[in-house]
1. For residues in segment A:359-409 being among the charged types (D, E, K, R) and farther than 30 Å from A:R205 by Cβ, which is farthest from the other protein chains (Cβ to nearest Cβ)?
2. Quickly run through segment A:132-190 and pick out the residues that are among the polar types (S, T, N, Q) and within 14 Å of chain B (Cβ to nearest Cβ).
3. Exactly one of these conditions fails for A:V49: (1) within 9 Å of chain B (Cβ to nearest Cβ); (2) at pLDDT 80 or above. Give me its number.
4. From the list A:E276, A:E271, A:E213, which one is without any contact (Cβ under 8 Å) to a residue 24 or more places away in the chain, surrounded by fewer than 19 Cβ atoms within 10 Å (Cβ to Cβ) and away from every other protein chain (no Cβ under 11 Å)?
5. For A:I293, state whether it is modelled with pLDDT under 85, hydrophobic (A, V, I, L, M, F, W, C), within 25 Å of A:I200 (Cβ to Cβ) and surrounded by 15 or more Cβ atoms within 10 Å (Cβ to Cβ).
6. Working carefully through the options A:V385, A:V393, find the one that is without any contact (Cβ under 8 Å) to a residue 12 or more places away in the chain and farther than 30 Å from A:R131 by Cα.
7. Of (1) under 30 Å from A:L244 (Cα atoms); (2) free of Cβ contacts under 8 Å to residues at least 60 places away in the same chain, A:R301 satisfies all except one. Which?
8. Confirm whether B:A122 is within 16 Å of the chain's Cα centre (by Cα) and at pLDDT below 70.
Amino acid sequence: MGQRWQSLVRWSIRASWAVWQVVSSPYMGLILLAFFFVFALVGGIRPLVRRHTLDVTLLDSSSLGVSEAVSRGLSTWLMDGIGQRLYRAVSALVGMVSLLRMFGLWTLPPLQRGVEKRFSLAGTPEEAWARLRRALATVGQGLGPYPGEGVRWAPSLRMGLSRFLPGMFYLGILFLLLAVALSPLCGWQSAIYPLSLGEIYSLEREGISLRLEEIALFPRSDGGIGRFVSQLAVFEGGHLARRLKLRLDHRALYRGLAFYQLGFGPAVRVEAWEGEKALSLQQIPGEEGPKPIVHLRFSGRQERFVAIPQKDLVLRLAYYDEGEGQLGRKGLQVQVIRSSNGQVVKESFISQQSQMVVDGLTLRFAFEYYILLRAKREPLLLLGVLGGFLLLVGLLGFVFWPPRSLWVTGRARGAGTECILLLPEEEEGAPWLECVLSMLGG
Amino acid sequence: MIFWVCRMTLGVAALLLLFSFVFAGRHRGDRLFLLVGCFLGGLGLGLFGPARGRFPLSSWPLMVGLVGLAMGVWEGILSPNVRRWVPILALLALGVGSFLPGKEIPWRIFWVALVLACLQSALVVGFFLWLPFHPSAWRQGRVVMGLALFLATGAMLSWGWGAQLAWGVWWSWDVQECWHLLGWLIVASLVQATERWRWPRLHLRGLALSGGALLLGVWVASPYLLRALAVSSAYWLP
């Protein structure tokens, strides 16, 4: 029983060594990097047809070209299908390798192959060991007390906190992977919602509703839009709880809930009045029912249709944006069509707020903007930030305090002591080693 | 156009200061790098002011930048050897002057990411172009590649930070993000290879040179490349 137990322990140790060799091998690192290279390449070459407004709902998939359709299919296959499972498996492997390498850097596992530096020192092993300790201390290496004749090798680790710095790189990777993996479980995000001026968006899950109160545009000197600031009113229990300012590069927080303004785009407000009475308008196609005010959202040059059922009329509105992102270069072509026979009753091109009279009906048009809003609860964001910070710290550690694997032994030989330093091949000839050897007279 | 010239000048200045830091006290070129880097840094900062309709010394970040660079110039002229802290001080001053905004210089985290990415590409390419003149600079390979990886990581993280602040997603497999990742992976592979193997034996020079050149080309051309291919990134193109 005892022998079987011992062989089991020996087998476990050999297996652990094999795993450690694979994990610490540069080939493993290169293979993992190559996997991510393929993923990044696919992500980098696939053409994204989304516009900067992220208004993906407005895309017409039938208008995609052949190359776009192929690249979309490729990216779907690689990013969502088999590739997604492979990506998860590789990420898990990266996590495991990072964990083992981190502990390897902090605890210094014994070397399997290395270069031996032999030299003799005068005096007893304790005296020689003390000289060795002093010499190693000058290059920042620590060495424990003389372990005695019975123990063959003693590890020499970097002194101080600097020995933990390179391992921080792998700890950072672990934190980032954890933040990515756990985010769907701990966090939450709403759908991207387009919100026009005065519209209300209810977040039933959080028990609040949002109203877009104000949009402020700050032009650049070249006529483009420099800043786009929107003001949201947050209502809780029917009462105004707070007003929030959103910018394209600035989120707003309310009770742990983050609001992001993902983008913005042009919109047109349409109203129809018959004397003092507002008529109902129906957007075609549209999921919402008839409303007295319709906000039509555009993404570039597009056309929209609005029906006025009570008057047998349909409005065809074509939006033109001459200079993308330029203020004041927009226009709207309006056609009023009788829906029963398709006859164009009236046609006009407008470029600013105006109104039109048709069959005793007053149509009012006003240019405005809409924003794309997303609400998120992201409790693990801090973990991701910490991971990124540790990555940088670890890299600095690798550059300025690179890890050194060094094992030392000393035993009495004649009148003196024979010392052996065991170190990896790549450390041979390193300046710090030359410094230690010269101090010891070797 | 003037901003493009400013950015390029500042980028080259930062690169030269980085080189003078790496080679400080080891090569004759360190003093030249420091002096030219400081001169170009001062020129870039000087151009920034008029471009924004301000005098060069009317804002404190520009003043800090110019004073730090002036110190670098005097150190480069008077000191017998370039000390390593001087290029770092000049680099910090350049960073303060360029990126810490007064009210008149808009803060753009994506610009920081772009500049860092360009710097890391230029560092890799520049190092391998420099080698034929100073073969002994192989010894600095690990430090240079480590710094390049640091810059690449900084570029990726700052990009992710900007994306998180703006859109609430720090990673979304976007074209620009993937290009950042490609750059990081190439440099990380080089670091991984140089960590265990010796440079001359494996002849990694060609690989690193082509990788760095590819990245530099992509980064310089990326906004124009995307527009030329009619491919739009989900993110704002600086």
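1. Out of the qualifying residues, it is A:D359.
2. A:S183, A:Q189, A:S190
3. (2)
4. A:E276
5. Details: modelled with pLDDT under 85: yes; hydrophobic (A, V, I, L, M, F, W, C): yes; within 25 Å of A:I200 (Cβ to Cβ): yes; surrounded by 15 or more Cβ atoms within 10 Å (Cβ to Cβ): yes.
Yes; evaluated as a whole, the condition is true for this residue.
6. A:V385
7. Here A:R301 meets the rest and fails (1).
8. yes
The values are calculated or read from the model by the stated rules, or taken from the named source; none is laboratory data. Because the structure is a prediction, the values reported are computed rather than measured. Neighbour counts are summed over all protein chains in view; Cβ atoms, including those assigned to glycine, are modelled from backbone coordinates with ideal geometry.
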